[in-house]
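Each remark here refers to the structure printed beneath this line.
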Amino acid sequence: TESLSFNISSGINAEYGGTGAVVIGNLATSDLRCAALASNPQLVDSLLAALHCDYSSDEMMAKVKHAALSALRNLSICETAKKTLRPHLPILLSYIRSDMPMLIFKAVACVRALVRGSKAIATDLASDKQLVKVVVELPDRFKYHSGIQGEAPRLLSTLIVEATQTSETISELVSTGVVPVVLKMTQTKEYPKIQVEGWLAIQKILNLLKDHEAVLSAGVFSSCEECLSDETNPNVRILALNIIRMVSGSLKGKETMDALKKHLARLLTNEEDIPAQQLAKEIKESLN
């Protein structure tokens, strides 16, 4: 394509390189297009070259690198392109540790897409405690960057769900502070898909952890309560109820138990959500 020619022939010409990266990113908006673009062995190399070039100013550097990472991010969603991009993960991971939020955001999103579907990569990255801590700290470091606020927790939840874990490795992961960050995902009611991702990660943690205290102390019950209303997506509500079932034996305090019984009583009369009604019945019986 013409954009690819711009990118490849630009060398250290930042304007051509940036233009090529932007157009490639705009083209890479479907699996079919991404597969066609990624089939050209020079494409990924040209985008990576744009990340390594010297630029005349910091502003130009940021713009071109952002364009290149955006293009790589779009490509990374395509299953065919993932095979081409995965060997270059170390380069993308280096940008997660940078101090430029616009680049961090794109790099985190790209890494998350490449981790999905690869148990080996997820397991490797999840065992990198230093990397996990960096990602855990991103939302606090960049509180006013909505992209990072959304993507960092999603990368963590993907690592938890996709990786091969044991009770020991999940305990190590929890010690980095992932639970409070992932729990925030469960409160994004406008995005049920993200809520589901968060609850699946919490569910796996609870399945493997011998002691649920770290999850309980992070406020998991309160987060569950927020997902039990009639307005909540049914898939999210059933996951939150299942989390309550998993921790019900560890819940303490009259106020907490009274709140739980109140929620269960309401759900038991909800004829429009039979799965939630049945699970509420099981939880109630287990408390008696």
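The values are calculated or read from the model by the stated rules, or taken from the named source; none is laboratory data. Everything numeric here is computed off the predicted structure, so don't read it as measured data. Cβ: placed from backbone, ideal geometry, glycine included. Neighbour counts: every protein chain shown. Calculation scope for accessible area: heavy atoms of the full protein, side chains included, ligands and nucleic acids excluded. Shrake-Rupley method; radii C 1.70, N 1.55, O 1.52, S 1.80 Å.
So, in segment 248-286, how many residues would count as being assigned to a helix (DSSP H, G or I) and open to solvent by less than 60 Å² (accessible area, probe 1.4 Å)? Working first, answer last.
First pass over segment 248-286, keeping only residues assigned to a helix (DSSP H, G or I): 248-250, 254-268, 274-286.
Cutting the leftovers down to open to solvent by less than 60 Å² (accessible area, probe 1.4 Å) gives us 248, 250, 256-257, 259-260, 263-265, 267-268, 276-277, 279-280, 283.
Within segment 248-286, residues that are assigned to a helix (DSSP H, G or I) and open to solvent by less than 60 Å² (accessible area, probe 1.4 Å) number 16.
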Going through segment 192-214 in order, the residues found to be closer than 16 Å to N242 by Cα and without any contact (Cβ under 8 Å) to a residue 40 or more places away in the chain are N207, H212
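Looking at E168, E172, which one is surrounded by 14 or more Cβ atoms within 10 Å (Cβ to Cβ), of a type outside the set (F, W, Y) and under 29 Å from A113 (Cα atoms)?
E172
Can you pull out every residue in segment 28-82 that is part of a loop (DSSP other than H, G, I, E, B), open to solvent by less than 10 Å² (accessible area, probe 1.4 Å) and at pLDDT below 80? Let's see the steps before the verdict.
Keep residues of segment 28-82 that are part of a loop (DSSP other than H, G, I, E, B), which gives 28-30, 39-40, 53-57, 77-78.
If we keep only those that are open to solvent by less than 10 Å² (accessible area, probe 1.4 Å) too, we end up with 28, 78.
Selection gives A28 alone.
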Answer yes or no: is there a residue in segment 146-159 that is touching a helix residue (DSSP H, G or I) at 6+ places or on another chain (Cβ under 6 Å) and outside any helix (DSSP H, G or I).
no
Across segment 199-225, which residue is modelled with the lowest pLDDT among those that are exposed (fewer than 14 other Cβ atoms within 10 Å of the Cβ) and acidic (D, E)?
D211
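Just to be sure before I move on: is A214 under 18 Å from P153 (Cα atoms) and under 20 Å from the mean Cα position of the chain (by Cα) in the structure I sent?
Working: under 18 Å from P153 (Cα atoms): yes; under 20 Å from the mean Cα position of the chain (by Cα): no.
No; evaluated as a whole, the condition is false for this residue.
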Take the conditions within 22 Å of K119 (Cβ to Cβ), without any contact (Cβ under 8 Å) to a residue 24 or more places away in the chain and part of a helix (DSSP H, G or I) and apply them to L85. Does it pass?
no
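Name the one entry in V182, V196 that is surrounded by fewer than 19 Cβ atoms within 10 Å (Cβ to Cβ) and among the aliphatic types (A, V, I, L, M).
Details: V182 fails: surrounded by fewer than 19 Cβ atoms within 10 Å (Cβ to Cβ).
Within the list V182, V196, the selection yields V196.
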Looking at segment 226-241 only, could you name the residues that are open to solvent by less than 30 Å² (accessible area, probe 1.4 Å) and free of Cβ contacts under 8 Å to residues at least 40 places away in the same chain?
L228, R237
Between a first residue in segment 177-191 that is touching a residue at least 60 places away in the same chain (Cβ under 8 Å) and a second residue that is of a type in the set (A, V, I, L, M, F, W, C) and assigned to a helix (DSSP H, G or I), which pairs have beta carbons less than 7 Å apart while being 6 or more apart in sequence or on different chains?
none
